[in-house]
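Worksheet: the structure to be examined is printed underneath.
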Amino acid sequence: MSIKYALVTGGSRGIGRAVCLKFSQLGIPVIIGYHSNTKAAEEVRDTILQNGGTAETLRFDVGDKAQVEAALGSWEQNHPQDYIAYLVNNAGIARDNLMFMMTDEDWDAVMNTSVNGMFYVTRYLLPQMMARGRGGRIVNMSSLSGLKGLPGQSNYCAAKAAMIGATRALAQETATRNVTVNAVAPGFITTDMTSELPEEELKKMIPMKRFGKPEEVAELVAFLCSDNAAYITGEVISINGGLY
Ligand code: NAP
């Protein structure tokens, strides 16, 4: 019998870590994708194993097509019966600057991680999800920035908006194969990515007067991956404490 796995890119820290732990609580075996922070990825894996779950780490740069294909190919070789039924394209970085001062490197790095990363990983996994009798769930981690635009983040906003466009298109391509594709758009969530921000100032703008927790985003991702969400596809769901 084939076992359905979840792959969470950027599963070593922040929102992705919380999603890995949530999947594991639901009894779903987890692949913790990460870029370079082996210690953090192994901490997530060990936490899941200690709680009786199934988890493994998989190191690859989502923005490097050769690494994506090599890592996922080797996973498939080690799991000939199994397949990845749940994909969370969560890996992402921010390199903020005003556009007139933004370097090519900062533009390219952000676009490459979020947009090309989503493309390379999703394209590789689609055939196995769409195979007859299977199905799957894809959740793309966008952002409030991709919906409204924030000054100083033109690269990040462009990347997160591109993820929404791809989500809506792909949802229509895969609908008859029971593969749903949705995007989640968090506002400010307490993670390493937001640790340098002036939280006390920013909280005043948020109707709920606080940052969100990674676990709150993980609950939403888990719902979108559940059987109960089978008829939701091509959607973007905000989770932002009322900040629009
Ligand atoms: P984070 O704490 O900075 O963690 C980023 C994760 O992405 C890490 O696991 C990192 O792996 C991985 N990663 C980065 N570049 C990668 C690459 N090239 N290849 C593979 N993995 C890579 O970030 P976060 O705050 O949890 O954010 C997660 C996602 O949510 C991102 O897409 C972010 O844009 C989005 N988001 C966050 C917020 C927020 O307020 N935090 C709001 C809206 C959207 P390593 O540990 O190996 O470095």
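The values are calculated or read from the model by the stated rules, or taken from the named source; none is laboratory data. Quantities reported herein were computed from a predicted structural model and do not represent experimental measurements. Ideal geometry is used to build each Cβ from the backbone, glycine not excepted, and the neighbour counts take in all protein chains shown. Keep in mind that these areas ignore ligands, DNA and RNA; they rest on the heavy atoms of the full protein, side chains included. Shrake-Rupley method; radii C 1.70, N 1.55, O 1.52, S 1.80 Å.
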Within the stretch 1-65, which strands (runs of 3 or more DSSP E) (wholly inside it) include 1 or more residues that are of a type in the set (G, A, S) and under 15 Å from G92 (Cβ atoms)? 30-34
Could you please find all residues in the stretch 65-78 being free of Cβ contacts under 8 Å to residues at least 40 places away in the same chain and within 15 Å of the ligand (Cβ to nearest atom)? A66, Q67, A70, A71
Neighbours by Cβ (under 6 Å, 6+ apart or cross-chain): first from the stretch 121-148, closer than 11 Å to A185 by Cα; second away from the ligand (no atom under 14 Å from the Cβ): V139/N182; V139/L224
Counted residues, the stretch 18-42 - those being open to solvent by 60 Å² or more (accessible area, probe 1.4 Å) and in contact with a Phe, Trp or Tyr (Cβ under 6 Å, 6 or more places away or on another chain): 0
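Residue by residue, here is whether (1) assigned to a loop (DSSP other than H, G, I, E, B); (2) more than 13 Å from the ligand (Cβ to nearest atom); (3) within 14 Å of the chain's Cα centre (by Cα) holds:
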residue: P80; (1), (2), (3): yes, yes, no
residue: G92; (1), (2), (3): yes, no, yes
residue: T122; (1), (2), (3): no, yes, yes
residue: R134; (1), (2), (3): yes, yes, no
residue: P151; (1), (2), (3): yes, yes, no
residue: N155; (1), (2), (3): no, no, no
residue: M163; (1), (2), (3): no, no, yes
Number of positions in the stretch 146-169 that are within 20 Å of V19 (Cβ to Cβ) and surrounded by fewer than 23 Cβ atoms within 10 Å (Cβ to Cβ): 2
Just the residues that are in a loop (DSSP other than H, G, I, E, B) and in contact with a Leu (Cβ under 8 Å, 6 or more places away or on another chain), please, taken from the stretch 165-207. G187, F188, M205, I206, P207
